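Asks: Pasting a structure below so you can have a look.
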Protein chains: 2
Amino acid sequence: MKERAMKGRVEFWFEFASTYSYLSAMRICSLAKERSVEVEWRPFLLGPIFAAQGWTTSPFNLYPAKGRNMWRDMERQCATAGLPLVQPDPFPQISLLAARVALLAVEAGAGSAFCRGVFAAEFGEGRNISDPQVIGEVLAQAGLGAELLQMAGAPETKLALRDQGDVAARRGLYGAPSFVVGEELFWGDDRLEQALDWAGT
Amino acid sequence: MKERAMKGRVEFWFEFASTYSYLSAMRICSLAKERSVEVEWRPFLLGPIFAAQGWTTSPFNLYPAKGRNMWRDMERQCATAGLPLVQPDPFPQISLLAARVALLAVEAGAGSAFCRGVFAAEFGEGRNISDPQVIGEVLAQAGLGAELLQMAGAPETKLALRDQGDVAARRGLYGAPSFVVGEELFWGDDRLEQALDWAGT
């Protein structure tokens, strides 16, 4: 089968601990395909970016009224999208291991399957994504080998994730999900379609 | 002409200094009409709510990366909506006078015309909405008398705006625009259609 020529490309920046990243991760593939847009899966950690803003945890925990409404909004959005929603405990989840393995999965050409698997385990089933066994199961489902779990702890993987964070900061990212098309930055799941349209035209 | 029976009602909570409140103010009337939903215009001040979160000014000023992208996003949203956009200086504007007069305009049955006029002067023309002359011109365009400017300083108007802020806090509001339909809270211009749909069904 011949591949259709891709019209454009979007960088999809996401954080596994982020609720709205879950929404985008579960719908970006089909929306991008409709527009012949290629998706670069870009896992990164929000922790260092939040810390630079003086935040020690998720703003949804720091600001309880905002947090309450985020969960209600997520319920409504997930109901509309036909997605399950379970609040992981604790929230936010510690996403370091998942993000490191995701970099390797992207490199192995299975970024989309692995990352969606992590989000589904976390927000669809409420599982703990800092547990190597959970990540191991997601790897297997994505057709990837368990050796990626070992490689996640290697110095070059750790460095690659720190580099990813530096690129995120240089892009001006301050939250997740974010979408970058050329010089254009779009923030939030609500801008997914707009970003893809931008890339596709 | 016979009025169509209204299906539902939405409380539209907005802050004159808020960029995304501008977007909602300029499009809520037609969208609500399509759905036979009645709109209650609810001006309030975000200042006390932000202060309770430890913020001394707009989060768009406190977090520069967020602020930069907000202005770019506003450019894109306004271009799509066919709305002019001028950054008021200073930002955020001091919205106390406009909010007090707005309460009186709502009471006089011209809330929508007055409030849209204020937003158009501020974000469409970059005018200073803390200037009584600007508010006087908007009053005149909305068919309201200049005496509302005097009444804005009366103790009962000041109290009414503080009461409005208390109600906002009890509703769990933490930003603007917000939409309340019964017990349901929707935050942000991106949820305007969803809130109206909720009210209309």
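Asks: Quickly run through segment B:188-201 and pick out the residues that are assigned to a helix (DSSP H, G or I) and closer than 18 Å to B:A168 by Cα. Don't jump to the end; show me each part of the working.
Replies: Of segment B:188-201, the ones assigned to a helix (DSSP H, G or I) are B:189-200.
Across segment B:188-201, the qualifying residues are B:D189, B:R191, B:L192, B:A195.
Asks: State all residues of segment B:1-19 that are among the acidic types (D, E) and at pLDDT below 75; if no residue qualifies, say none. Don't jump to the end; show me each part of the working.
Replies: Of the residues in segment B:1-19, the ones among the acidic types (D, E) are B:3, B:11, B:15.
Of everything in segment B:1-19, just one residue is among the acidic types (D, E) and at pLDDT below 75, namely B:E3.
Asks: Here are some conditions: (1) surrounded by 18 or more Cβ atoms within 10 Å (Cβ to Cβ); (2) out of contact with any Lys or Arg (no Cβ under 7 Å at 6 or more places or on another chain); (3) away from chain A (no Cβ under 13 Å). B:A25 meets all but one. Which one does it not meet?
Replies: (2)
Asks: Right, something else. Give B:L185, B:L173 a once-over and let me know the one that is under 23 Å from A:N69 (Cβ atoms), within 15 Å of the chain's Cα centre (by Cα), among the aliphatic types (A, V, I, L, M) and outside any helix (DSSP H, G or I). Show your work before the answer.
Replies: Numbers: B:L185 fails: within 15 Å of the chain's Cα centre (by Cα).
Going through B:L185, B:L173 in turn, just one is under 23 Å from A:N69 (Cβ atoms), within 15 Å of the chain's Cα centre (by Cα), among the aliphatic types (A, V, I, L, M) and outside any helix (DSSP H, G or I): B:L173.
Asks: Please tell me if A:G111 is surrounded by 19 or more Cβ atoms within 10 Å (Cβ to Cβ), of a type outside the set (D, E), touching a strand residue (DSSP E or B) at 6+ places or on another chain (Cβ under 7 Å) and at pLDDT 95 or above.
Replies: Details: surrounded by 19 or more Cβ atoms within 10 Å (Cβ to Cβ): yes; of a type outside the set (D, E): yes; touching a strand residue (DSSP E or B) at 6+ places or on another chain (Cβ under 7 Å): yes; at pLDDT 95 or above: yes.
For A:G111, the condition - surrounded by 19 or more Cβ atoms within 10 Å (Cβ to Cβ), of a type outside the set (D, E), touching a strand residue (DSSP E or B) at 6+ places or on another chain (Cβ under 7 Å) and at pLDDT 95 or above - is met.
Asks: Right, here's the next one. Which pairs have Cβ atoms under 6 Å, sit 6 or more apart or on different chains, and link a residue in segment B:179-190 that is touching a residue at least 60 places away in the same chain (Cβ under 8 Å) to one that is basic (K, R)?
Replies: B:V180/B:R171
Asks: Could you pull out every one of the helices (runs of 4 or more DSSP H) wholly within segment B:43-118 that has 1 or more residues that are more than 14 Å from every other protein chain (Cβ to nearest Cβ) and free of Cβ contacts under 8 Å to residues at least 12 places away in the same chain? Before the answer, list the steps.
Replies: On the way: elements: B:47-52, B:59-62, B:64-81, B:96-107.
Because the criterion is at least 1 residues that are more than 14 Å from every other protein chain (Cβ to nearest Cβ) and free of Cβ contacts under 8 Å to residues at least 12 places away in the same chain, the helices (runs of 4 or more DSSP H) in segment B:43-118 that meet it are B:47-52, B:96-107.
Asks: Which of (1) of a type outside the set (S, T, Y); (2) buried (at least 18 other Cβ atoms within 10 Å of the Cβ); (3) touching a residue at least 12 places away in the same chain (Cβ under 8 Å) does A:E40 not meet, given it meets every other one?
Replies: (2)
Asks: Okay, next question. Counting only residues that are part of a helix (DSSP H, G or I) and either at pLDDT below 95 or of a type in the set (A, V, I, L, M) (or both), how many does segment A:145-169 have? Spell out the reasoning first.
Replies: First, pick out the residues of segment A:145-169 that are part of a helix (DSSP H, G or I): A:147-151, A:155-169.
Imposing the further condition that a residue be either at pLDDT below 95 or of a type in the set (A, V, I, L, M) (or both) reduces the set to A:148-149, A:151, A:159-161, A:167-169.
The number of residues fulfilling the criteria is 9.
Asks: Would you point out which residue out of A:L185, A:L104, A:L192 is farther than 27 Å from A:M74 by Cα, touching a Ser or Thr at 6+ places or on another chain (Cβ under 9 Å) and surrounded by 21 or more Cβ atoms within 10 Å (Cβ to Cβ)? Spell out the reasoning first.
Replies: Values: A:L185 fails: farther than 27 Å from A:M74 by Cα; A:L192 fails: farther than 27 Å from A:M74 by Cα.
Residue meeting the stated conditions: A:L104.
Asks: Within segment B:177-200, can one find any residue that is at pLDDT below 95 and more than 14 Å from every other protein chain (Cβ to nearest Cβ)?
Replies: Yes, segment B:177-200 contains a residue that is at pLDDT below 95 and more than 14 Å from every other protein chain (Cβ to nearest Cβ).
The values are calculated or read from the model by the stated rules, or taken from the named source; none is laboratory data. Bear in mind that the values here come from a model prediction, so they are computed numbers and not experimental data. Every residue, glycine among them, receives a Cβ derived from its backbone with ideal geometry; neighbour counts consider all protein chains shown.
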